[in-house]
Amino acid sequence: MGFGLWLWAFGFEFTVALVTDTQEQTVKISARDFSFSYGTQTALRRINLDIRPHEIFTIIGPARSGKTTFLRCLNRMNDAIPNVRYEGQVLLDGADLFGKGVDVSELRRRLGMVFAMPVALPKSIFNNLALGPRMRGIRGKRRLSALVEESLKAAYLWDEVKDRLHESARNLSGGQQQRLCLARAMALEPEVLLLDEPCSGLDPISTRKIEEALVELKSRYTIILVTNVTAQAARVGDRTAFFLMGEMIECGATEKLFTRPDDPRTSDYITGKFG
Amino acid sequence: MNLTRDRVVSPILFAIASFSITALFVIGVFIFVEGLPVMLRVGVWKFIGSSEWLPLEGKFGILAMIVGSITVAVGTLVVAVPLGVGCAVYLSEFASKRAVAIIKPSIELLFAIPSVVYGFIGVLFIVPFMREHFGGDGHGFNIVTASFVLGIMVLPVIVGISVDALQAVPKVYRDGSLALGATQWQTTTMVTLKAARSGILAGVILGMANAIGETMAVIMVVGNAVVMPNSPLDSVRTLTGNIALEMGYATGDHRQALFATGVVLLVMIMMLNTLTRYVTRKRVARQ
Amino acid sequence: MTRVHPKTKEFIAKMALRGIAAVVILTLVSIVGYVIVKGVAVIDLKFLFGQPRSMGREGGVFPFIVSSIYITVISLAVSIPLGLGSAIYLTEYRAEGWATKVIRFGIDCLAGIPSIVLGLFGFSFFVKFLHLSWSLLSGGLTVSLMILPFIIRSSEEAIRAVPQSYREVAFAAGGTKWQSVTRVVLPCALPGVMTGIILAIGKCVGETASVIFTAGTSLRTPQSVFDSGRTLAIHFYLLVRETGASDMAYGSAATLLIAILSVNFTAYYLMRRFLRRVS
Amino acid sequence: MKARWHRLLMVVLSLTAVGLGLSGCGKRPSQGRTLRIVGSTSVFPFAELLAEAYRDVRPDIVVDVQAGGSTVGVVSAKDGICDIGTSSRELRPEEKEGLTRIEIARDGIAVIVHPGNTIDELTSDQVRDIYAGKITHWRQVGGADADIAMVTREEGSGTRGAFEEIVMGKTRISPRALVQDSNGSIREAVATSPNAIGYVSVALVNAKVKALAVDGEAPTEEHLESGAYKVMRPFLFLVKGAPEGETQKFIDFVLSADGQKVLKAEGLLSPSKQ
């Protein structure tokens, strides 16, 4: 317990340092010649891009273009796959993600992730949200409750579930579950949100709710959104990258990319010639 | 902190997981060290190839018991497979979901009935029945009796595993067959049973291993005579029975011969196990 | 050859199968029912908590109940940590490879060892080599070897059934492997793990062949794990062998069956309630 | 949910703790307070009764009786695993070394058949021929029209050893004989099969079976005492070295009038005068 407290205190100081840092920086995440392969298959080839703080950065591209892989590289979720190989660098606040001595747990806490399919653990709503903070060693009931409430509010879910926090999260509808996942990611108090096609299984209304939430959240987080709905990227993205066959074809302001793409493949994709 | 803990956990878990191997090794060493010398002294072929068992005169031949174990196991399957697989097919293909939800766990509960209770029921009902209606050399204590007792005993195992195997067959297979105009029975025999074949076979082999390994229930009903059986109505002794019967009084070579019986039993079970692995691996490969 | 109409065939087959299922269920149920009905008349407080007299032909079965509990507790205390640990290692900590193959092979072999051979081993290892003599400790350890593979397998299956996405959630939330196991995977696998453990309890309580060589047959109430004791199952076996189908034999068997079945029923009931609550 | 999981963990831990605690409190002096008797399954019931009776005399002493077999009794006594080993057969010469042999009783071996059997008497030659497999039909000895089901004890048993020595001589018991592993189970097998023949300790003969006269002498107490009924063996206590302390006191009790009364009541004979 004492150790946990100490750690918490340490983490706190760390966050303060980061806040001062981010105010000056213009690049939050930056990939330099980043390649990724597992086995003999190359999934990503020489990716170069910069993601700025407090923007919604969307990644579009057809299936198997490497966009999800890229996202999962950012919080090193691909580590579990056998025989993976990274080349080049990805910098988070200037520090290499794959450098020596990186605490993967801490990294994943800083980059909260939401998966394509909403995964509500068979626990109560409260415990779903408290999972991450508890694993960081936060035990205090008051602090946990505050975190849970705050994240649920940020995900526009609080009003719908505040009376049944201790009921099973599996009883929520699909859209609610996905917002629960979003809230669960935010309960980690991350700096970046990684969203992997978060609306792929949802109806238009739920989708809109999530999109609204994202725009609202921009001020607090850097958001990276992978989507296969180009319209979604157009709606919410500040800047957009187009991935194809493991390569980044084009990256730029969303409006520009959608109206005057540099690369013919990009225009083919967004006009629906393939995809 | 978390990472260090994770680094400590892994080797600890590895040590725990290796326990089974270690235990197996120690068991093997203890059984073989006690059993092998007498086996080698008598000669392995003589030990497993002769059926003269006169331990006090130094004659150790366990062929009759090997045959006894195998015949009882085969008899068990003859009783248990039609009943068990039939019951499983009924449960998974024809019975209502609600009935299955009640019956399947109940049958699995029966897995917990001590084998001695089955033996007791055998002595009480099946032995007198066999004696009065069939007679024979075993006077009711015979292979058929033992097969019935063990057959009933392994039913829960076979039913449980077969139902699992049948239920694991994807619904689309059945739908495909039914869509072609096949009746439910045709679908079952031609599609479902074929697809679940190896799973059911694994259950049957496991049942057989249980039958070969069972001791007390068998001692109670099989008569334990050390002879080559000429008919299913003869009494036999099984390998397990031999150990349990004589262990209390055995000393010196006699005792070692009982450990050697254990060695033979172990080898037989390992062979069955390898067979199971082969069967299940083929299933995995196909899928 | 006359061709039977498929519909007729279907009808016959269905009837035959229904018959078979009925036979199987009736046989098993009637065995349990017969023993319990015959034995329940003997069971009263004096029987359950009394001391046996004249070789257990009269009196109670209290010492045997105590011994059975000892054996069960000892073997579970050993095999649950080992079994769960092994299952976790095999599913979570080690990718399929030679190591898992070797360990699995060992577990399969261990599972295949007939209990009588384990009894031989227990006798020469625990009783003689470790000088534990005939004691509940020797018996419990021997039985734990018997149920260990069983617990590993059922736990492994239960853990495998937990969706991969649950683990990813734990990792994405900054969890380490161990945290994902203890906080997400194990709680979800708990019902399956418990089922295995419950069935294992049945095996502990009902085991005779190996226990008779390791725990002994003493009629006294054991005072510690170093004492010899006779389990209910062994007592029943010896009674039947020595005195035939006596009232006491029925009483012991009924006690045994009722104990096992009620443990199982309670556990199933709790598990169902638990499952309904979380999903 | 999480609380539940922790509760399970608690249960597991407390189980372990209970186990450890139990093993902790098990470390109490075993010498002097517990007498461990191991051996013959034939002696086992009687030793158990003696232990029960001794509880009234010395409530502070725990007498723990194990059935293992005569040979186990001999070996355990020699190894010092137990305080007293028991045997239901005479010791072989190589077994005698280092052991004190105390005869606590003698036991006749009765040849028994189903109560419905018309035969009342056999000669010892007939019994031998039946067990050798030469006589296979009850009519051959003047009985009913049925095959004989012979039931015997397993190889190494004290009862079987005594039976072979006294009745069979050099002839072997046929391997076709059904084998049961205790006196009681032979009796039960014979009691439930109309055509069976078996042999058990005289003390275990009850109304469920009929004891045959052998060579004209029924196995009654009188004939046994006089030596007219010949099929008899000793029950032995075996102690490593010389008995002392509580062991000696228990043996004294067994040989005393009180102890012998218990054995007599069960149909055993007092030890032969040495």
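For the criterion of being in contact with a Ser or Thr (Cβ under 7 Å, 6 or more places away or on another chain), of a type outside the set (Ser, Thr, Tyr), open to solvent by 10 Å² or more (accessible area, probe 1.4 Å) and away from chain C (no Cβ under 12 Å), residue B:176 fails. Within the range D:123-140, the set of residues being in contact with a helix residue (DSSP H, G or I) (Cβ under 7 Å, 6 or more places away or on another chain) and open to solvent by less than 20 Å² (accessible area, probe 1.4 Å) comprises D:127, D:131.
One line per residue, one yes/no per condition, for (1) closer than 25 Å to residue B:243 by Cα; (2) under 20 Å from the mean Cα position of the chain (by Cα); (3) in contact (Cβ under 8 Å) with a residue 24 or more places away in the chain; (4) outside any helix (DSSP H, G or I):
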site: D:162; (1), (2), (3), (4): yes, yes, yes, no
site: D:166; (1), (2), (3), (4): no, yes, yes, no
site: D:179; (1), (2), (3), (4): yes, yes, yes, yes
site: D:194; (1), (2), (3), (4): no, no, yes, yes
site: D:200; (1), (2), (3), (4): yes, yes, yes, yes
site: D:207; (1), (2), (3), (4): no, yes, yes, yes
site: D:223; (1), (2), (3), (4): no, no, no, no
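Out of all the residues in the range A:254-267, which are without any contact (Cβ under 8 Å) to a residue 24 or more places away in the chain and open to solvent by 50 Å² or more (accessible area, probe 1.4 Å)? Selection gives A:255, A:256, A:259, A:260, A:262, A:264, A:265.
Tell me, which residue of the range D:179-210 that is hydrophobic (A, V, I, L, M, F, W, C) and away from chain C (no Cβ under 14 Å) is farthest from residue D:138 (Cα to Cα)?
This residue is D:202.
Exactly one residue out of D:262, D:231, D:254 is in contact with a Gly (Cβ under 8 Å, 6 or more places away or on another chain) and hydrophobic (A, V, I, L, M, F, W, C), and it is D:231.
Specify the residue that is least open to solvent (accessible area, probe 1.4 Å); the eligible residues are those in the range D:47-74 that are more than 18 Å from residue D:159 (Cβ to Cβ) and without any contact (Cβ under 8 Å) to a residue 24 or more places away in the chain. If we take residues in the range D:47-74 being more than 18 Å from residue D:159 (Cβ to Cβ) and without any contact (Cβ under 8 Å) to a residue 24 or more places away in the chain, then D:51 is least open to solvent (accessible area, probe 1.4 Å). The residues of the range A:184-223 that are touching an Asp or Glu at 6+ places or on another chain (Cβ under 9 Å), hydrophobic (A, V, I, L, M, F, W, C) and within 14 Å of chain C (Cβ to nearest Cβ), listed by number, are A:186, A:187. For residue B:23, the conditions (1) touching a helix residue (DSSP H, G or I) at 6+ places or on another chain (Cβ under 7 Å); (2) more than 8 Å from every other protein chain (Cβ to nearest Cβ); (3) farther than 30 Å from residue C:33 by Cα all hold with the exception of (2).
Does residue D:55 fit the bill of being closer than 27 Å to residue B:252 by Cα, among the charged types (D, E, K, R) and out of contact with any Pro (no Cβ under 8 Å at 6 or more places or on another chain)?
No.
Restricting attention to the range A:187-202, the residues that are farther than 19 Å from residue A:135 by Cα and in a loop (DSSP other than H, G, I, E, B) total 6. All of B:83, B:109 fail the test of being among the aliphatic types (A, V, I, L, M), touching a Ser or Thr at 6+ places or on another chain (Cβ under 9 Å) and surrounded by 16 or more Cβ atoms within 10 Å (Cβ to Cβ), apart from B:83. For the range A:9-32, give me each residue that is open to solvent by 70 Å² or more (accessible area, probe 1.4 Å) and at pLDDT 85 or above. A:32 - this is the single residue of the range A:9-32 that is open to solvent by 70 Å² or more (accessible area, probe 1.4 Å) and at pLDDT 85 or above. For the range D:243-252, the candidate set comprises residues that are farther than 12 Å from residue D:47 by Cα and part of a helix (DSSP H, G or I); within that set, the residue that is least open to solvent (accessible area, probe 1.4 Å) is D:247.
Taking the range B:34-125 and the helices (runs of 4 or more DSSP H) fully enclosed by it, the elements with 2 or more residues that are within 14 Å of chain C (Cβ to nearest Cβ) are at B:63-89, B:97-110, B:115-121.
Among the residues of the range C:34-55, some residue qualifies, meaning at least one is farther than 29 Å from residue D:44 by Cβ, at the interface with another protein chain (Cβ under 9 Å from one of its Cβ atoms) and either in contact with a Cys (Cβ under 7 Å, 6 or more places away or on another chain) or surrounded by fewer than 20 Cβ atoms within 10 Å (Cβ to Cβ) (or both). The residues of the range C:228-263 that are within 9 Å of chain D (Cβ to nearest Cβ) and either open to solvent by 10 Å² or more (accessible area, probe 1.4 Å) or without any contact (Cβ under 8 Å) to a residue 60 or more places away in the chain (or both), listed by number, are C:238, C:240, C:241, C:242, C:243, C:244, C:245. When residues in the range B:223-249 are screened for being over 22 Å from residue D:158 (Cβ atoms), within 9 Å of another protein chain (Cβ to nearest Cβ) and crowded, with 24+ Cβ neighbours inside 10 Å, 3 of them pass. Could you tell me whether the range A:228-250 includes any residue that is over 20 Å from residue A:66 (Cβ atoms), open to solvent by less than 50 Å² (accessible area, probe 1.4 Å) and part of a strand (DSSP E or B)? No: the range A:228-250 contains no residue that is over 20 Å from residue A:66 (Cβ atoms), open to solvent by less than 50 Å² (accessible area, probe 1.4 Å) and part of a strand (DSSP E or B). With respect to residue B:10, is the statement that it is modelled with pLDDT under 90, among the small types (Gly, Ala, Ser) and in contact with a Gly (Cβ under 9 Å, 6 or more places away or on another chain) true? For residue B:10, the condition - modelled with pLDDT under 90, among the small types (Gly, Ala, Ser) and in contact with a Gly (Cβ under 9 Å, 6 or more places away or on another chain) - is not met. Would you call residue D:256 polar (S, T, N, Q), more than 26 Å from residue D:78 (Cα to Cα) and either open to solvent by less than 50 Å² (accessible area, probe 1.4 Å) or over 19 Å from the mean Cα position of the chain (by Cα) (or both)? When the stated conditions are applied, residue D:256 does not pass them. Annotation note: of A:69, A:42, the sole residue that is surrounded by 18 or more Cβ atoms within 10 Å (Cβ to Cβ) and at pLDDT 80 or above is A:69.
Looking only at the range A:77-116, which residues are within 7 Å of another protein chain (Cβ to nearest Cβ) and within 15 Å of residue A:169 (Cβ to Cβ)? A:115, the sole residue that qualifies. Does residue A:205 satisfy being in a helix (DSSP H, G or I), of a type outside the set (Gly, Ala, Ser) and either modelled with pLDDT under 90 or under 23 Å from residue A:52 (Cβ atoms) (or both)? Against the criterion (in a helix (DSSP H, G or I), of a type outside the set (Gly, Ala, Ser) and either modelled with pLDDT under 90 or under 23 Å from residue A:52 (Cβ atoms) (or both)), residue A:205 qualifies. Every listed requirement among (1) within 14 Å of chain B (Cβ to nearest Cβ); (2) modelled with pLDDT of 85 or more is met by residue D:69 save one, (2). The single residue among C:88, C:71 that is in contact (Cβ under 8 Å) with a residue 60 or more places away in the chain and under 20 Å from residue C:238 (Cβ atoms) turns out to be C:71.
The values are calculated or read from the model by the stated rules, or taken from the named source; none is laboratory data. Just so we're clear, the structure is a prediction, and the values are computed from it rather than from any experiment. Positions of Cβ are generated from backbone atoms using ideal geometry, with glycine treated the same way; all protein chains shown enter the neighbour counts. Ligands, DNA and RNA are stripped out before the accessible areas are found, and what is left, the full protein with its side chains, is counted by its heavy atoms. Shrake-Rupley method; radii C 1.70, N 1.55, O 1.52, S 1.80 Å.
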